[in-house]
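Scroll down for the structure; my scribbles are underneath it.
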Amino acid sequence: MSGLIGQMLGKVRIEERLGEGAVGVVYRGRHTTLDIDVAVKVLKLEHHQSNDKYYHERFRREAQTAANPDYS
């Protein structure tokens, strides 16, 4: 996954790896249009290539939780 550093994902340039969990890897990115730092979580390669829906669903639920403004 470190191969993502320096890459563009949409309008976000991946700057550095911040951490890793069971399902994904979190990076600090820079949104090139808005000129702001953003967090980008990417599903781990072994889960991305897997047909195991458990990891895909867990990743989606984590994203929904993080996007919830009431999340603390």
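The values are calculated or read from the model by the stated rules, or taken from the named source; none is laboratory data. Fair warning: this is a prediction, and the values are worked out from it, not measured in the lab.
Some notes on this structure:
- Top-ranked residue in segment 1-39 [being hydroxyl-bearing (Ser, Thr, Tyr) and more than 18 Å from residue 59 (Cα to Cα); ranked as modelled with the lowest pLDDT]: 2
- If the condition is being over 21 Å from residue 64 (Cα atoms) and of a type in the set (Ser, Thr, Tyr), then segment 8-49 contributes 32, 33.
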